[in-house]
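Colleague: Sharing a structure with you now.
Read the figures in this text as sums done on the coordinates, not as results from a lab. Source: prediction; values computed, not measured.
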Amino acid sequence: MEDTKIMTITDENGQEKEVEIILTFEDDKNKKKYVLFTEANTDDGNVYAYSYDEDGNMIDIEDEEEWNMCQEVLGAFLEEDE
């Protein structure tokens, strides 16, 4: 990824963390917006996915179908990026 996009989030313990955005997208089916990111400055390989509202509030993804959709979008994005 050439253009690194960093944002700061506050975790459930009130700690601020810098994260690197991998991609954002909107699902036309459920009209939700999603952000996929990793923690900046780590190489643990974990990717986090959240939906977000128009105010930028991140919302946990609890539905298995949504998780699967995010994994598919990430997989397609990574294949395209190669």
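Colleague: Pop out the ³J(HN,Hα) list for region 9-17 in order, Karplus 6.51 cos²θ - 1.76 cosθ + 1.60 with θ = phi - 60°, rounded to Hz; leave Gly and Pro as x.
Modeller: Once rounded to whole Hz, the list reads 10, 10, 7, 5, 9, x, 8, 7, 9.
Colleague: Lysine pairs in the chain with alpha-carbon atoms under 22 Å apart, 8 or more places apart or on different chains: how many are there?
Modeller: Counting lysine pairs in the chain gives 4.
Colleague: Convert each backbone phi in region 61-66 into a coupling constant with the Karplus relation 6.51 cos²θ - 1.76 cosθ + 1.60 (shift: θ = phi - 60°), then list the ³J(HN,Hα) values in order as whole Hz, x for Gly and Pro.
Modeller: 8, 10, 8, 4, 5, 5
Colleague: Students often get this wrong, so try it: which of [x] 18.8; [y] 15.3; [z] 13.6 is Kirkwood radius over Cα pairs in Å as calculated from the structure shown?
Modeller: Label of the calculated value: [z].
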